[in-house]
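The structure under discussion appears below in the form of structure tokens.
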Ligand code: GAR
């Protein structure tokens, strides 16, 4: 399966995916990495592993629709069958959502539906939760609201700061995102309303 990864920043989740493919855990191929930020470190990570890395400049397009049409052209050129959002900081519009319905996944650093949106780890920490975590979900037109595939808990420790907590959540992100992608690639996910059924292998 050809995977496209959309990024905006450091790309540690992209790296986890690359590593999972290189060590044979994930039988798939990343055919392109697309960023909306020119100097995103994620683009360098991709190049280092011989993966096509493309910056699509949002400033060049007068609307989200035109921007996404360009992204779509890049996706088609690289025969992408599945899109992974990995720290991609733009909200998807109809163009991509319709073209890749039920074929877009996202990783979010909180136990959804709690703490959607930006700085989720900090939101959770400041709320005083005792258990935080991360979620992989299908992307739909709602903000971080699509059907949930996998979640993992992270206990909040007495001496945590929002940063130490975010680091431990990130370690779990790097595990569950490849796990969820593996389930997708193996065709073991069925969306049933709000629920995602995981079929046995
Ligand atoms: C990750 O923590 C990811 O969960 C979060 O951005 C970070 C990207 O890190 N995503 C969101 O907050 C999306 N709402 P990375 O670039 O090192 O993978």
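None of the figures in this text is laboratory data; all of them are computed from the coordinates on show. What you see is a predicted model, and the numbers here were worked out from it, not measured in a lab. In this analysis, Cβ positions are derived from the backbone assuming ideal geometry, glycine residues included, and neighbour counts consider all displayed protein chains.
Quick notes on this structure:
This table checks each residue for (1) more than 15 Å from the ligand (Cβ to nearest atom); (2) more than 30 Å from residue 73 (Cα to Cα); (3) buried (at least 23 other Cβ atoms within 10 Å of the Cβ).
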| residue | (1), (2), (3) |
| --- | --- |
| 95 | yes, no, no |
| 100 | yes, no, no |
| 103 | yes, no, no |
| 113 | no, yes, no |
| 117 | no, no, no |
| 122 | no, yes, no |
| 126 | yes, yes, no |
| 131 | yes, yes, no |
| 135 | no, no, yes |
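- Positions within the range 142-157 being within 15 Å of the ligand (Cβ to nearest atom), touching a residue at least 24 places away in the same chain (Cβ under 8 Å) and assigned to a loop (DSSP other than H, G, I, E, B), in sequence order: 143, 144, 145, 146
- Wholly enclosed strands (runs of 3 or more DSSP E) of the range 1-93 bearing at least 1 residues in contact with a helix residue (DSSP H, G or I) (Cβ under 6 Å, 6 or more places away or on another chain) and over 24 Å from residue 142 (Cα atoms): 53-55
- Subset of the range 158-186 [more than 14 Å from residue 133 (Cβ to Cβ) and without any contact (Cβ under 8 Å) to a residue 12 or more places away in the chain]: 158, 159, 163, 164
- Cβ-Cβ distances below 6 Å connect the following pairs, each with a first residue in the range 29-51 that is farther than 21 Å from residue 81 by Cβ, a second residue that is outside any loop (DSSP other than H, G, I, E, B) and within 11 Å of the ligand (Cβ to nearest atom), and a separation of six or more residues or different chains: 40/7; 43/35; 45/14; 45/15.
- The condition (being loosely packed, with under 15 Cβ neighbours inside 10 Å, more than 14 Å from the ligand (Cβ to nearest atom), without any contact (Cβ under 8 Å) to a residue 40 or more places away in the chain and under 22 Å from residue 170 (Cα atoms)) is satisfied by just one residue among 22, 59, 65: 22.
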